[in-house]
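The values are calculated or read from the model by the stated rules, or taken from the named source; none is laboratory data. In this text the structure is predicted, and so the values were computed from the model without any measurement. Every residue, glycine as well, gets a Cβ built from its backbone with ideal geometry; the counts of neighbours run over all protein chains shown.
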Amino acid sequence: MCGFYDDSQKIKKGDYAKYQDKPIVIISATHIKENKTMDIVIEYLDTKEQETINIPYKTTGFGFVKTNIMGSEVVDGFECKPKQLDPNKPIMHYKTLIYVCEDQRCQKASKPTRVKELRQIVKELGLDKGKDRIKISRSLCQGACRFRQVMQINENTNSNGCATNNSVWLKHTHKLVDTDLKELFLLLKNDQPLDKFQKIEMQQCYQ
Ligand code: FES
């Protein structure tokens, strides 16, 4: 028993959406068995105000429209495929692509909401779009579990990426607090070396 955006997609915690045309994130979606309804707690992205909307079970729509993290409405049933490509939201472009390992051992050291938190910081810095876009993606095991939580940084050297910061693996990133992460993202934006951060040294096997 759930609320839905469309015929197949459930309203769930962590979703980006619009409610009555305003961009929001879903904070929680809780079933209320007694009266067969759901409490949907939302946070407005612009004001950070929260509100609880109570909707009947199995409701479709009810003022909720699923969007992707860039704020574009998505095709029914899709998590992020936009209905309309917006040239001002260059979803296909990134300057820096960061793979955050979320496989079992890294996940154990970290927490399930980590990627969302990283994306939120990127967004606050205005680096979620535009020519310096930093894209955060989840990955499975990168074969370096003892350095958990592992983060691999790739620079788009075909475009405006920085060769120095390309193919850098960072270790123990679950220990980085928000101020560290902001510093990391700004160093990447400005093409500066990541000396402060703990790197996994590559084996020199083929020299
Ligand atoms: S589980 Fe993350 S590197 Fe293996």
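Structure above, values below:
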quantity: Selection within the stretch 108-150 - crowded, with 17+ Cβ neighbours inside 10 Å and more than 15 Å from K182 (Cα to Cα); calculated: A109, S110, K129, Q142, F147, R148, Q149, V150
quantity: Number of the exception - G126 against (1) more than 13 Å from the ligand (Cβ to nearest atom); (2) in a helix (DSSP H, G or I); (3) under 26 Å from D15 (Cα atoms); calculated: (2)
quantity: Failed item in (1) more than 16 Å from the ligand (Cβ to nearest atom); (2) more than 28 Å from N166 (Cβ to Cβ); (3) loosely packed, with under 14 Cβ neighbours inside 10 Å, with K66 passing the rest; calculated: (3)
quantity: Which numbered condition N88 misses (of (1) touching a helix residue (DSSP H, G or I) at 6+ places or on another chain (Cβ under 8 Å); (2) modelled with pLDDT under 85); calculated: (1)
quantity: Verdict on D191 being away from the ligand (no atom under 16 Å from the Cβ), part of a helix (DSSP H, G or I), modelled with pLDDT of 95 or more and not aromatic (F, W, Y); calculated: no
quantity: Tally, over the stretch 75-104, of residues that are surrounded by fewer than 16 Cβ atoms within 10 Å (Cβ to Cβ) and either within 13 Å of the ligand (Cβ to nearest atom) or closer than 24 Å to E155 by Cβ (or both); calculated: 7
quantity: Selected residue [at pLDDT 90 or above and within 30 Å of H93 (Cβ to Cβ)] from T52, T67; calculated: T67
quantity: Candidate set: the stretch 111-168, residues that are charged (D, E, K, R) and over 20 Å from K95 (Cα atoms); chosen: the one farthest from the chain's Cα centre (by Cα); calculated: R146
quantity: Residues (part of a loop (DSSP other than H, G, I, E, B) and in contact (Cβ under 8 Å) with a residue 40 or more places away in the chain) located in the stretch 132-156; calculated: D132, R133, C141, Q142, A144, R148, Q149, V150, N156
